[in-house]
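The values are calculated or read from the model by the stated rules, or taken from the named source; none is laboratory data. If you're wondering where the values come from, they're calculated on a predicted model, not measured in any experiment. So basically every Cβ, Gly included, is an ideal-geometry build from the backbone, and we count neighbours across all protein chains shown. The area values use the complete protein model at the heavy-atom level, side chains included, leaving out ligands, DNA and RNA. Shrake-Rupley method; radii C 1.70, N 1.55, O 1.52, S 1.80 Å.
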Amino acid sequence: MNKALAKLHDRITHANSLVCVGLDSDFSKLPEQFLTHETPQFAFNQWIIDQTHEYVAAYKLNLAFYEARGAQGWVELELTMRYLRNKYPEIFTIADAKRADIGSTNLGYVQALFDHLGFDAVTINPYLGSEAIEPFLAREDKVSIILCKTSNPGSDELQDLEVGGTSKLWQVVAEKVSRNWNKKGNCMMVVGATYPEEMAHIRKIAGDMPFLVPGIGVQGGDLAGTLKAGLTKQGRGLVINSARGIIFSHDPQAATQDLHQQINSYR
């Protein structure tokens, strides 16, 4: 188990939690009281983190919500990561960036996300193949989370295509990640809560590899079905993300605690 996955494992144990809070801090949806701050996204994130940290295993930041604000958004992303590193260094952090490219471009992504911002993990698009993601996989101290079966309704357009007449594309990705790309033991996969049947199949392929699970909450994923399909025998193996359903709720702390309790009632 690499350093970052060991951190996640320890946090799951300490907090008795599989919850990931998505800091998808859409500027247009921020509560009015934060808009007077010099750094409103950071102020909002800081408040959410302080409200929810007791119940979480991870935080996931979707970079689009920060990049949309240009240089100021990047500053507030940096401030958020610095706050997490300094005050809650034990909590696993995920850059939801869906990166992958070729050549030196990827080295820039690796340096920005892992070294400059200090994320423990990043989401990766497998479409360009192993050549494109090798700079990420080479980082034995970090985690690459490869998109396998995503939670969006349109995922079947490509991910459900048959390959070789016997397998769906998502199955081929699961096999590639499990058998070929995880040589350093630093891979996870994205498997959506909206597809529990597929998750059960991917669990058989991947063994105890952890999954990042979007789709709970606003997207309507089946929590009970997800836990039944994806939990390992040790009651682990899932990092279950909820973003809008927590951060824009009336009481983020209560919403996080409720999800924490729901998950643990099945574990």
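Here are a few things to note about the model shown:
- The one condition from (1) surrounded by fewer than 23 Cβ atoms within 10 Å (Cβ to Cβ); (2) in contact with a Cys (Cβ under 9 Å, 6 or more places away or on another chain); (3) assigned to a helix (DSSP H, G or I) that residue 265 does not meet is (2).
- If you go through the stretch 172-218 and pick out every residue that is assigned to a helix (DSSP H, G or I), open to solvent by 30 Å² or more (accessible area, probe 1.4 Å) and farther than 23 Å from residue 255 by Cβ, you end up with 13.
- Residue 58 meets each of the listed conditions (1) closer than 25 Å to residue 169 by Cβ; (2) in contact with a Leu (Cβ under 9 Å, 6 or more places away or on another chain) apart from (1).
- Matching residues, the stretch 219-249, being in a helix (DSSP H, G or I) and in contact (Cβ under 8 Å) with a residue 60 or more places away in the chain: 244, 246, 247
- Residue within the stretch 157-175 that is out of contact with any strand residue (DSSP E or B) (no Cβ under 9 Å at 6 or more places or on another chain) and in contact (Cβ under 8 Å) with a residue 60 or more places away in the chain present: no
- For the stretch 120-148, the set of residues classified as at pLDDT below 90 and either on the phi > 0 side of the Ramachandran plot or open to solvent by 50 Å² or more (accessible area, probe 1.4 Å) (or both) consists of 131 only.
- Failed condition for residue 253, given (1) polar (S, T, N, Q); (2) assigned to a loop (DSSP other than H, G, I, E, B); (3) more than 24 Å from residue 142 (Cα to Cα): (2)
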